[in-house]
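Just so it is clear, none of the values below were taken in a lab; they were calculated from the coordinates. As the structure is a computational prediction, the values presented were derived from the model and not from experiment. So basically every Cβ, Gly included, is an ideal-geometry build from the backbone, and we count neighbours across all protein chains shown.
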Amino acid sequence: MATTMDGHMHERRHLPERRAGSKASGAKRLGAVDWLAMALLVIGGLNWGLVGLFGIDLVAMLFGEMSALSRIVYALVGLSALYTLFTTRKLARS
């Protein structure tokens, strides 16, 4: 009986690696630009949530109503949305 238990304990299955980022799965790792775009999307989403729920525009409060800096933040959020839209489609095909 001990030999059968040892036989089962030492049995190994050779399955392809399925962890995220593994070469076998074809998944791609996120780069710095991807993380920056994700952070800007979170900031933009939270800001729009505050605008919709409470009428508070946090970006305008921090940087001024339609100041150059707030317009840059808004433009970067929009560009990161476009970037994520196109890269998500590319990642979905792989």
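With Cβ to Cβ distances under 14 Å as the rule, what net charge do the other residues near Arg71 carry (K, R +1; D, E -1)?
Combined, the nearby Lys, Arg, Asp and Glu give -2.
Pull out the extension gain between Ala32 and Ala75, defined as 0.36 nm times the separation in residues minus the alpha carbon to alpha carbon distance; nm, one decimal.
Length gained, Ala32 through Ala75: 13.6 nm.
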